[in-house]
Structures are given as C-alpha cells and as structure tokens.
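Everything below concerns the one structure shown next.
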Amino acid sequence: MDYLKIKKADSLHGEIKISGAKNASLPLIAMSILAKNRVSIKNLPHVVDINTLLKLLSNLGAKCSSTWTKNENITTIDTSCLSETKATYDIVRTMRASILVLGPILARFRHCEVSLPGGCAIGQRPVDLHLKALEQMGAVINIEAGYIHATAPNGLKGCNIIFDKITVTGTANIVMAAALADGVTTITNAAREPEVVQLCEILNASGVKIEGIATAVLTIHGTSGKLLNIDDFTIIPDRIEAGTYLCAAAITKSKLTLTDVNAKHLGAVLSKLEEMGNKFTITDNTITIHPAKSLKPAKITTQEYPAFPTDMQAQFLVLATQAKGTSIIEEKLFENRFMHVSELQRMGADVSLNGNVATINGKSKLSGTDVMATDLRASSALVLAGLVAEGITNVHRIYHLDRGYDSLEEKLRNVGADIERLKE
C-alpha cells in the first residue's frame, strides 16, 4: 500500500486550485439514471469514490467515458441502455454513497436490488430514513441476505415526508425518487448543503419543478415516470477540500490563495478561522488567507449545514493543537469521529476525550512518527499535523485519503510542502 512521507514545512506559498466537490458529484452521477439523454459533467474530481460509482453504473449497463486534460475534465454518462437493476455487494461495500442509486433506479424501473452499503467507520449511518420515505411513496421494501429489495409496481407516488433527523444522502435519494414520481412530494427537515442545492437546481432546470431549494422544506413536482432531458453541467467547488487547505495555511502560518472556490459555501469554516486570528481577502472565485501570527483557541460544535461541518472537525482539531490556550470541540453527528485523536496523541498532542467532546490544550510540540489513517478526513488531519511536526511523519493507509482528495500531495508540493507518496 502507499503511504505519505512528510517533513516539517517552514512556510507554504502560492496558489491551490480547488477541485470539484466529491459530495456533490456522487448524487449528480446517480441522477444521470433519470436522464433520457447522454449527460456530460465537467469538473468531477479525480478520486476513488467517483471511479467506484462510475464503475457501478457501468455494471448496470451505462456507458461512461472520461476525458482528462491539464485544464479540464469531462465525463459523459449514457444511461439510456441501462439493463441491470442490481447494485452488487462487491462495489457497494466499498462506498456508502452507492446507496444513492436506490431512489433513481426504483423510480425509473419500479424495482431494484441494492446491497446495504459500507464506507468509512466513523459511526452508524443507517439507511432506515431512506427506506421509510420510499415506503411512504408506495414502495414495498424487504431486506434479504444483505440486499435491499424494493418494488413499486404502480410507480412511486408523491406524499408528505418528514425526516426525523437531517440526512444529506437521504434527502438526495428521495429528491431523485420524487422527480419521476406521480404527484407532488414534500420533504420536511431536508438537508440544505450546497451539494443538495446543486442537485435540486439541475433537476429544476431539467423539467422537475422544485420549490424551496436551499430551505428545509422541499416540494417536488414529479413527472409521472417521464425521463428527463438533462443539460451539461459543472460540479461546484469542494468546500471541504478548500477548508482543509485553509487549515494547512493557518497551521504553517502561510499566506495562500485558493482559486476556483466559492466562499459562500464556507461561512462557518471562515468564521472559525477568523475567530482564531486569521484574516481573508475574498473575490468571486478566490480566497486568500492572511494567517495569524499566533493562533487563538476556539469552541466548535459540529452540526448540519450551514453550521460547522463534521467533515472539518478533524482538521480543526489539529489546528487547535497549535493554538495558545484550550479549545473545545463537540462532535454531534457521528459517534466514532475522534479516532484520529489517538494518533495525534502519539505525535505529542495534548487532547482528552469525554464522550463526544474533545478538549485540546495548546500549544503542543508535535513530533513526526508513523501514524495510521482511520477515515477520509482523519487522513487529511494527520497530513496537517505532519506539516508542523518535528522530523518525519509517515501517514499510512492513505487509501482513505484517495477516496476524497484529488492530488493532495501534488497540490501541497506545488506550494512548497515536502511531501511524497511511497510504497510500503
């Protein structure tokens, strides 16, 4: 397996181009199942999760092709020849987001089999909310031998759905199912993440009237099974990738400029970075960070968008180890999302855990050592720690990192980091 070897960075400088958002790309790839035409997608990130979902669609009979150049990438998906309706375990087990094909396949073909999903071990993320909503829409659901068997012989019907808790993939799944349903579906307590917003905007532009976009109540007027004509589109910038590189700049006290980025999607992240003493120059598609000479501690609680994202918790925990004072981070969304703490403690971080609350006493002098990534965002957190640790840090099991970051080591190396990918 590959690992990353990182030496302490005195300072970073230059620009980093932000890739397309993985979490926007996945539901939009699944959305192509609803199309009657070939769909061309620009700005898909070059990450493992994207390749996994494209492979899944190919196994279902879709034709997928990608063209990658230095300045642009375009992926074309043709699902008009889709012939299979079974998403098998060998693919779905590697990525939880594969569950996103459930809604659109069921809506289009009125039956499907989808393996129960896998993914990062950051905590329970059950799909019961997806299944309950589909049953309200008239589907008959059975779980047998690890597979979700779903049928809707008369098609899905619009109804009123209230999610007991906010679910991003659940919202996306039901929005896609409702797009081809008969009648009007209302989703209350819907996710408001930018990735869900883009999905709704593209469906709305494709003939599915959706009201309440970017709010907690979505109203979807279904097409009664009529497939969609979906125009070409471009994936929004990855706000989590952008936040990670802003933390890299802050922790190394470096002035960096991010390009192809949307600052409006980073409100809570920018606010906390400012609270810690950093300043910014922002344009329509760039963010330049002017780092604090001395980082201040912060209190952070992860919650659903537009609050502070759980996907940035690990990176900020590392940043807090370099602040002068005590920081408190409360993780409200996933019960196992502090697995990176034990690795950071081995590097010298003064972090204590009490349930879902981490107390970080800074400033800690970190020392490079061998560490092991436990999930996607923990991987990037360990990379950040390696940028300020004395000596050499080797981050192992970076296949987690490759699931969600496009060319991370190359981007960091281009702004002055001493980082290289090696074989075990």
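The values are calculated or read from the model by the stated rules, or taken from the named source; none is laboratory data. Just so we're clear, the structure is a prediction, and the values are computed from it rather than from any experiment. Heads up, the Cβs are rebuilt from the backbone with ideal geometry, glycines too, and the neighbour counts pull from every protein chain shown. Each accessible area value is taken on the protein alone, full model and side chains, heavy atoms only, with ligands, DNA and RNA left out. Shrake-Rupley method; radii C 1.70, N 1.55, O 1.52, S 1.80 Å.
Quick grid of which residues meet (1) part of a strand (DSSP E or B); (2) open to solvent by 10 Å² or more (accessible area, probe 1.4 Å); (3) free of Cβ contacts under 8 Å to residues at least 60 places away in the same chain; (4) of a type outside the set (S, T, N, Q):
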{"position": "23", "(1), (2), (3), (4)": "no, yes, no, no"}
{"position": "26", "(1), (2), (3), (4)": "no, no, no, yes"}
{"position": "41", "(1), (2), (3), (4)": "yes, no, no, yes"}
{"position": "45", "(1), (2), (3), (4)": "no, no, no, yes"}
{"position": "49", "(1), (2), (3), (4)": "no, no, no, yes"}
{"position": "53", "(1), (2), (3), (4)": "no, no, yes, yes"}
{"position": "58", "(1), (2), (3), (4)": "no, yes, yes, no"}
{"position": "65", "(1), (2), (3), (4)": "yes, yes, yes, no"}
request  = Among residues belonging to region 221-271 that are over 23 Å from the mean Cα position of the chain (by Cα) and of a type in the set (Ser, Thr, Tyr), point out the one that is most open to solvent (accessible area, probe 1.4 Å).
outcome  = 224
request  = Restricting attention to helices (runs of 4 or more DSSP H) lying wholly within region 354-424, give those where 1 or more residues are in contact with a Cys (Cβ under 8 Å, 6 or more places away or on another chain).
outcome  = 376-388, 399-402
inquiry  = Here's a check for you: in region 198-213, which residue that is touching an Asp or Glu at 6+ places or on another chain (Cβ under 9 Å) and open to solvent by less than 60 Å² (accessible area, probe 1.4 Å) is nearest to residue 75 (Cα to Cα)?
reply    = 202
request  = Filter region 1-21 down to residues that are open to solvent by 50 Å² or more (accessible area, probe 1.4 Å) and part of a strand (DSSP E or B), then give me how many there are.
outcome  = 4
key: Filter pass, residue 151 being touching a residue at least 40 places away in the same chain (Cβ under 8 Å), in contact with a strand residue (DSSP E or B) (Cβ under 6 Å, 6 or more places away or on another chain) and open to solvent by 40 Å² or more (accessible area, probe 1.4 Å)   = yes
ask   = Would it be correct to say that residue 294 is of a type in the set (Gly, Ala, Ser), surrounded by fewer than 16 Cβ atoms within 10 Å (Cβ to Cβ), outside any helix (DSSP H, G or I) and at pLDDT 95 or above?
value = yes
query = Does residue 191 fit the bill of being closer than 23 Å to residue 107 by Cα and either of a type in the set (D, E, K, R) or touching a residue at least 60 places away in the same chain (Cβ under 8 Å) (or both)?
reply = yes
remark   = Selection from region 301-343 of residues part of a strand (DSSP E or B), crowded, with 22+ Cβ neighbours inside 10 Å and either on the phi > 0 side of the Ramachandran plot or free of Cβ contacts under 8 Å to residues at least 40 places away in the same chain (or both) yields 327, 329, 331
key: Tabulated pairs, region 68-83, first closer than 22 Å to residue 260 by Cβ, second open to solvent by less than 30 Å² (accessible area, probe 1.4 Å) and assigned to a loop (DSSP other than H, G, I, E, B), C-beta under 8 angstrom, 6+ apart or interchain   = 73/44; 75/44
ask   = Among the numbered criteria (1) surrounded by fewer than 24 Cβ atoms within 10 Å (Cβ to Cβ); (2) in contact with a helix residue (DSSP H, G or I) (Cβ under 9 Å, 6 or more places away or on another chain); (3) farther than 15 Å from residue 344 by Cα, which single criterion is violated by residue 413?
value = (2)
remark   = Note on region 129-146: residues open to solvent by 20 Å² or more (accessible area, probe 1.4 Å), within 16 Å of residue 187 (Cβ to Cβ), of a type outside the set (Asp, Glu) and not in a loop (DSSP other than H, G, I, E, B) are 129, 132, 136
